[in-house]
Amino acid sequence: MSQLSKTNLFKPIKVGLIELKNRVALAPMTRFRADSVNFTANDTMKKHFGDRAKNNGGLLISDAISVSWSGIGYPNGIMVQTKEQAEALKPTVDAVHEAGSFFSAQLFHVGRNAVPATMKARGLRLIGPSADTFADADAEKAAKESDMKLEEMTLDDIEQLKKDFVTSAKNAIEISGADFVEIHGASNYTLAQFADISANKRTDEYGGSIENRSRLMLEVVDALVEAVGAEKVGIKFSPYMTFGGGSGVDGEIHCIAQYAYLYSELERRAKEGKRLAYVSNYEARLAGFTKDGDFGLSTEYSFEWASQIWKGVLVRAGGYLHIPEYKSLIADVNADDRTIIAFGRYFTSNPDLPSRLRNGYPLTPYDRSKFYSPGEEGYNTFPTYSESK
Ligand SMILES: Cc1cc2nc3c(=O)[nH]c(=O)nc-3n(C[C@H](O)[C@H](O)[C@H](O)COP(=O)(O)O)c2cc1C
């Protein structure tokens, strides 16, 4: 047994209507292993999730799933927009359930951060909250090279986006069998772009004030609560994230002002009987990328304000296994009785991560070069601790 075995990490927790056996979650990670033509989940993914569900009983969150072709962004991904696509995810979800664990389907739309060449090749538009507000000079250059313009989403585009979230959420729950859907409000994809004053220059009811910039995020929340029930809906935020052009603390409007409003609107809905299953958070310390392409860690900012507003289940992720003696992990998971810790990078290379943490077994280092490389290698090739002995 390890120092972690006695922490809250290995106590059960109720999330929505489900009791998880531990507070160790697999963080959502886009891994590009699905079928790249139809964007359908496959046996490669089934094995990956099935392996991580064994001897676990906790929550596994999926890769980000595009709610529509207009939001795919990348050459490879997953969708559940059609019945066939949703059915293709079912074996993965079933494998998780058969092993006694639980599945959340993360839903997103990438907006202005789509790869322009991908959109061009598929005959799709490049859209975002406002025209010509690229994340950075590289993004602008990539659009120019593909002869793509960044177009402002029309009110029809916005209505369609909400419908696409609803269809995908219903399909994920009703056809794929997911326990939860997670709205990807993080990482400066479309919903976070609307919340960021540097990306959102709109003058209609979706821009121009904290309330207006939050409108789309909250409309998606309300639509999914209506469609599948609050107890099956989670959401992920990353107020501090600068990846993808986010303003973080340097915005004309500070990220705490913008996001405190969003967390308090969720808490208000909770008090009215519509408490979301969980709110997931990128820790403030995940400061963007280092030169070698990994996340850099900073301890400059405190994120405690978020948990003082939102009183429901919190999922927290960000470098918890990179901090010596797991100090932040132990402090955060033991600070209250409503915190789940999500692990990303080390879950890629340790399919039995919960058991390793509980027993104090060494962790296999992750291989960044295989994070996004299609195929089995670096995805289904890492052994469990007992297999490696
Ligand atoms: C390869 C990779 C892909 C990721 N894709 C997503 C994603 O699709 N959605 C998301 O919300 N976060 C994504 N993340 C962030 C993780 O969910 C997690 O928040 C982050 O890796 C911090 O956890 P860690 O320090 O344990 O790795 C990704 C991270 C990695 C390493």
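The values are calculated or read from the model by the stated rules, or taken from the named source; none is laboratory data. If you're wondering where the values come from, they're calculated on a predicted model, not measured in any experiment. Using ideal geometry, Cβ is built from the backbone for each residue, glycine included, and neighbour counts are taken over all protein chains shown. Quick note on the areas: whole protein, heavy atoms, side chains included, nothing else; ligands and nucleic acids left out. Shrake-Rupley method; radii C 1.70, N 1.55, O 1.52, S 1.80 Å.
For the range 278-304, filtering for residues that are open to solvent by less than 20 Å² (accessible area, probe 1.4 Å), within 28 Å of residue 230 (Cα to Cα) and more than 11 Å from the ligand (Cβ to nearest atom) leaves 4. In the range 231-260, which residues are surrounded by 20 or more Cβ atoms within 10 Å (Cβ to Cβ) and over 22 Å from residue 113 (Cα atoms)? Across the range 231-260, the qualifying residues are 232, 233, 234. So for the range 180-193 (the condition being away from the ligand (no atom under 16 Å from the Cβ) and open to solvent by less than 40 Å² (accessible area, probe 1.4 Å)), does at least one residue qualify? There is no residue in the range 180-193 that is away from the ligand (no atom under 16 Å from the Cβ) and open to solvent by less than 40 Å² (accessible area, probe 1.4 Å). Against the definition (surrounded by fewer than 24 Cβ atoms within 10 Å (Cβ to Cβ), assigned to a loop (DSSP other than H, G, I, E, B) and in contact with a Leu (Cβ under 9 Å, 6 or more places away or on another chain)), how does residue 40 come out, yes or no? Against the criterion (surrounded by fewer than 24 Cβ atoms within 10 Å (Cβ to Cβ), assigned to a loop (DSSP other than H, G, I, E, B) and in contact with a Leu (Cβ under 9 Å, 6 or more places away or on another chain)), residue 40 qualifies. Looking at this structure, is residue 62 surrounded by fewer than 17 Cβ atoms within 10 Å (Cβ to Cβ), under 23 Å from residue 356 (Cβ atoms) and small (Gly, Ala, Ser)? The answer is no for residue 62. Looking only at the range 315-331, residues that are at negative phi and away from the ligand (no atom under 13 Å from the Cβ) come to 4 in all.
Residue-wise test of (1) open to solvent by less than 40 Å² (accessible area, probe 1.4 Å); (2) under 23 Å from residue 37 (Cα atoms); (3) under 22 Å from the mean Cα position of the chain (by Cα).
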{"position": "89", "(1), (2), (3)": "yes, yes, yes"}
{"position": "104", "(1), (2), (3)": "yes, no, yes"}
{"position": "107", "(1), (2), (3)": "yes, yes, yes"}
{"position": "115", "(1), (2), (3)": "no, yes, yes"}
{"position": "155", "(1), (2), (3)": "no, no, no"}
{"position": "158", "(1), (2), (3)": "yes, no, yes"}
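Of the residues 170, 162, 120, the single one that is over 19 Å from residue 217 (Cα atoms), touching a residue at least 12 places away in the same chain (Cβ under 8 Å), surrounded by fewer than 24 Cβ atoms within 10 Å (Cβ to Cβ) and charged (D, E, K, R) is 120.
Of the residues making up the range 116-164, those that are assigned to a loop (DSSP other than H, G, I, E, B) and not hydrophobic (A, V, I, L, M, F, W, C) number 12.
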